[in-house]
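Q: Sharing a structure below in structure tokens format, with a few things to ask.
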Amino acid sequence: MAFKFTRNSDGTGTIETDHGSVQTPVFMPVGTAATVKALDGQDIRETKTEIVLANTYHLFLRPGEKIVSDMGGVAKFMNWDGPTLTDSGGFQVFSLGLGAKGESLSKIDEEGVTFKSHLDGKMHRFTPEISMDIQRDLGADIIMAFDECTPDKAEKKYIREALDRTHRWAERSVKQWQKNGMKSTQGTNQALFGIIQGSMDKEMRIEAAEFITSLPFSGIALGGETVGYNMEGTLEIIDWIKHLLPKNKPVYTMGLGRDPQNIVDIISAGIDMFDCVAPTRLARNGALYHGEIRGEKFESEFSNGRLNISNAKFDKDKSVIMEGCDCYTCLSGYSRGYLNHLYRSKELSYYRLASIHNVRFMVRLVEQMREKMKKNSRNQEL
């Protein structure tokens, strides 16, 4: 089935792919190296996750896109039978920073980026064409155009140069995607999303939105340093360009979804897709989501909606992480006291149980927001 997106009058929608359907708005757990950390395919399915994101840069370096392709593509490789999305690798190569001797680990030119692997120091090169070909081998249902991620505090001259380059690369990404038949090496259909950059410059964000939406992309993404790290800035950018975003294509804010309130805010702003490493990363560091939506706000007795399981006050606590939570960890009766013990003891089972809770919490939060959108629409019709 070719990629198809349907938006309902209530703001919810459905994405159709060769590997199944995705209900929008949707939170996508991040499986950087073809694994949502600490979870296996069955764990992911039980969280009711609908789509998983994987990372082009990391899979290119290890095990290599050809191996993933030979194994049937990233979904089959990780024993996941649902849809997948891969990023272009651009964010990673531009954020490598400096090496041990102070040297830059990446160098940008008109054709692409030359970079040094963080694993073994070998030199590699990404261009829009190479990124498209790697993602074709990885076999994701949704792939991303190769772009240049610009920091918020960059000088205007650099933002302009990076934006113009991103737009030339967007055209080249489209051309290579079309050359590849808009299909993966495994023969499945692939949708290509373009990325709106422009840092925190209003005029350039508007210009980028106009340009990217003019190309034949299947969906539109919002990228840059602000997105996912600065909700106030993210919402401001959306306000600048919202009138330019197509209604018949999904809109994706990249790297967003650290705190539960972020999810409430971004869905209220009309965004369809978002991903973040935070649920599993926070879980590994002892932070477990807790709280609920009340009205237009997410409320919790804990700061940022996170229970710190390492706190000594939980060592004799017989209650589950959160009453009413339907994740495997809570339904099975694992107590806060036991999880406190596992975390303090660095037992591996802690990471799985905590990650299951956090991922399911975010997925369920989006489910609740979808139901709220439908209910509000019904009430308006009465």
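What follows is calculated from the coordinates using simple rules that are stated; it is not laboratory data. Quick caveat, the model's predicted, so the values are computed rather than measured. Cβ: placed from backbone, ideal geometry, glycine included. Neighbour counts: every protein chain shown.
Q: Going Cα to Cα from residue 346, which lysines come in below 17 Å? Please leave out same-chain ones fewer than 8 positions away.
A: Reachable lysines: 37.
Q: Okay, moving on. Helix 231-241 sits at what angle to the longest principal axis of the chain, using alpha carbons and giving 0 to 90 degrees rounded to 10?
A: 40 degrees
Q: Go ahead and set up a Gaussian network model of the chain, Cα springs under 10 Å, then flag whichever of 218, 345, 199 fluctuates most.
A: Judging by the Gaussian network model, the answer is 345.
Q: State the dimensionless ratio Rg/Rh of region 118-173 (Rg: radius of gyration of Cα atoms; Rh: Kirkwood radius).
A: 1.05
Q: Give, to the nearest whole percent, the P(r) tail of region 287-381 beyond 16 angstrom, counting all Cα pairs.
A: Above the 16 Å cut-off, region 287-381 has 57 percent of its Cα pairs.
Q: Sorted by packing (mean other beta-carbon atoms within 10 Å per residue), highest first, where do 148-157, 219-228, 164-173 land?
A: Output ranking for 148-157, 219-228, 164-173: 219-228, 164-173, 148-157.
Q: I'd like to know which of 310, 333, 298 lies farthest towards the positive end of the charge dipole of region 293-337, counting +1 on Cβ of Lys and Arg and -1 on Cβ of Asp and Glu.
A: Working it through, the farthest residue towards the positive pole turns out to be 310.
Q: Still on this structure, I have one more. What do you get for Rg/Rh of the chain when both radii come from the Cα atoms and Rh is the Kirkwood radius?
A: Using Cα coordinates only, the ratio equals 0.96.
Q: Is there a quick way to get the dipole size of the chain? I mean about its Cα centre, with the Cβ of Lys and Arg at +1 and of Asp and Glu at -1; what is the value in debye to the nearest 20?
A: Dipole magnitude for the chain comes out near 640 debye.
Q: Oh, and also: In the chain, if the dipole is taken from +1 on Lys/Arg beta carbons and -1 on Asp/Glu beta carbons about the Cα centre, which of 173, 345, 132 is farthest to the positive end?
A: Toward the positive end, the furthest listed residue is 345.
Q: Most fluctuating residue of 29, 83, 216 in a GNM of the chain with Cα springs under 10 Å: which is it?
A: 216
Q: Which entries of 175/247; 4/153; 4/375 have Cα-Cα distances beyond 29 Å here?
A: 4/153
Q: Have a look at 189, 180, 358 and tell me which one the Gaussian network model of the chain (Cα, springs below 10 Å) gives the largest fluctuation.
A: Answer for the Gaussian network model of the chain: 180.
Q: Which angle between 0 and 90 degrees, to the nearest 10, do you get for helix 202-214 versus the longest principal axis of the chain when only C-alpha atoms count?
A: Between helix and principal axis, roughly 80 degrees.
Q: Same structure again: Taking N as the number of residues in region 30-99, what is its alpha-carbon radius of gyration divided by 2.2 N^0.38 Å?
A: 1.14
Q: What relative contact order, as a whole-number percentage, does region 287-381 give when Cα pairs under 8 Å and 6 or more residues apart are counted?
A: The normalised contact order for region 287-381 reaches 24 percent.
Q: I want to check the label-to-label distance for residue 6 and residue 341. Put each point 7 Å from Cα in the C-beta direction and report it in nm to one decimal.
A: Taking the two extended label points, one gets 5.1 nm.
Q: To test your reading of the geometry: what angle, between 0 and 90 degrees and rounded to tens, separates the Cα axis of helix 156-179 from the longest principal axis of the chain?
A: For 156-179 against the chain, the angle is about 90 degrees.
Q: In whole Å, largest first, what are the principal axis extents of the Cα atoms in region 275-329?
A: For region 275-329, the Cα extents along the three principal axes come out at 34, 24, 23 Å.
Q: A further question follows. For the chain, what is the calculated [θ] at 222 nm in deg cm²/dmol (nearest 500), taking -39500 (n - 2.57) for each run of four or more DSSP H residues and dividing by its residue count?
A: -12000 deg cm²/dmol
Q: Report, in debye and to the nearest 20, how large the dipole of region 287-381 comes out about its Cα centre when Lys and Arg carry +1 and Asp and Glu carry -1 on their Cβ.
A: In debye, rounded to 20, region 287-381 gives about 120.
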